[in-house]
1. Looking at (1) surrounded by 18 or more Cβ atoms within 10 Å (Cβ to Cβ); (2) away from the ligand (no atom under 11 Å from the Cβ), which is the one condition that is false for Val104?
2. Which condition number does Ala52 fail, the rest of (1) of a type in the set (A, V, I, L, M, F, W, C); (2) within 23 Å of Ile182 (Cβ to Cβ); (3) part of a helix (DSSP H, G or I) being met?
3. In the range 9-66, which residues are of a type in the set (Val, Ile, Thr), away from the ligand (no atom under 16 Å from the Cβ) and more than 16 Å from Leu196 (Cα to Cα)?
4. Taking the range 52-102, which residues are in contact with a Leu (Cβ under 7 Å, 6 or more places away or on another chain), farther than 23 Å from Gly31 by Cβ and of a type in the set (Ser, Thr, Tyr)?
5. Please work out if Glu24 is outside any helix (DSSP H, G or I) and in contact (Cβ under 8 Å) with a residue 40 or more places away in the chain.
6. Are any residues in the range 10-21 among the basic types (Lys, Arg) and assigned to a helix (DSSP H, G or I), and if so, which ones?
7. Scanning for something more than 30 Å from Ile236 (Cα to Cα), assigned to a loop (DSSP other than H, G, I, E, B) and modelled with pLDDT of 95 or more, does the range 30-38 turn up at least one residue?
8. For the range 9-20, what are the residues that are surrounded by fewer than 14 Cβ atoms within 10 Å (Cβ to Cβ) and either without any contact (Cβ under 8 Å) to a residue 40 or more places away in the chain or touching a strand residue (DSSP E or B) at 6+ places or on another chain (Cβ under 9 Å) (or both)?
Amino acid sequence: MIDLRSDTVTRPDAAMREAMLNAEVGDDVYGEDPTINELESRCAALLGHEDAIFCPSGSMTNMLGVAALVAPGWELIAESRAHVLRAEAGGHAALAGVTSRTWVSPDGTFTAADALALMSRPRGYHQVGTAAIAVENTHNFGGGRIADIDELRTLRRETAAAGVAVHMDGARLLNACAATGISAEEYGRQADTVSLCLSKGLGAPVGSVLAGSAEIIEKARLLRKRYGGGMRQAGILAAGGLHALDHNLAGLAADNAHARQLADALAATRPGIVDPELVETNIVFLDLSGIADDGEAFAAKAAEKGVRVSVMDERSVRLVTHRDVSPADVDTAAEVLVSLL
Ligand SMILES: *Cc1c(COP(=O)(O)O)cnc(C)c1O
């Protein structure tokens, strides 16, 4: 089975398991796990911030970033399909009392103007004020689009002047770096808090990190404990993340190229199903509105032929390339999906 549902399906390889087996560990709630400490300082530097915190999931890193930046009753604004608002079980509202509003970007392109136009300053006792703006880079449900660095710089400048914070959901930030050649540090500096997933394209089994100033990460440490995310000898997990940073970064460019290859093959067969020019990283959304099968039917037929895809809604499916999909698998997947069109 060629599994294109998500890059979360990647499994740790033998070398990563070996690194995890041999990890030095300690009690991280006491700050004594050397492997976690190493991962955190390494990710802080990677993302251009003073400190970082290791968490079990990307949802938790986003939760901590948002809760650290937004007081109860204040708002977080984001694009309408942002993962933080659509795919984290409403954590920011349920656990931190954060309200939200959204701007809409139909093709996932980020512009500072969209975000800034929605930003609101508190007025009187009734109007909700924007405390933070979330930018997703790359934008998952926006088709893996990269947030333009100049737009991010503009957002950073204008929000700083207004006293509004920026949270970057950088679950797949390193896929953006692989595509643009811009460093994670340069992207990371455009936000107060940045999250990064180790368990997607990087191939670690578990874990994400949140980076920010020492003060914000200190707040996040308290929040992580409150939410039940204080882990003990989790250096075994952090070792997978360190191994991924040492060995798996180079593969992300190939994952991006594979997505483009799929998009090119499908668009050549059925123009309009995807615009390959908008496939910038490792995610391909197919618009099925021109074909008879709905998402469920298309996915079921693909699975019968050995390719798994994610159903996003009635008229769209998502394909995600990753390190467990070989170049030969990409060729096979392209043939199978083309045959369904
Ligand atoms: C995967 C993902 C996350 C975090 O997901 P978890 O499953 O909680 O690790 C956050 N943001 C984006 C954009 C994602 O794609």
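The values are calculated or read from the model by the stated rules, or taken from the named source; none is laboratory data. Everything numeric here is computed off the predicted structure, so don't read it as measured data. Note that each Cβ is placed from the backbone with ideal geometry, even for glycine, and that neighbours are counted across all protein chains shown.
1. Every condition holds for Val104 apart from (1).
2. (3)
3. Answer for the range 9-66, where residues must be of a type in the set (Val, Ile, Thr), away from the ligand (no atom under 16 Å from the Cβ) and more than 16 Å from Leu196 (Cα to Cα): Val25, Val29, Thr35.
4. Ser100, Thr102
5. In short, yes.
6. Selection gives Arg17 alone.
7. No, because not a single residue in the range 30-38 is more than 30 Å from Ile236 (Cα to Cα), assigned to a loop (DSSP other than H, G, I, E, B) and modelled with pLDDT of 95 or more.
8. Ala14, Glu18
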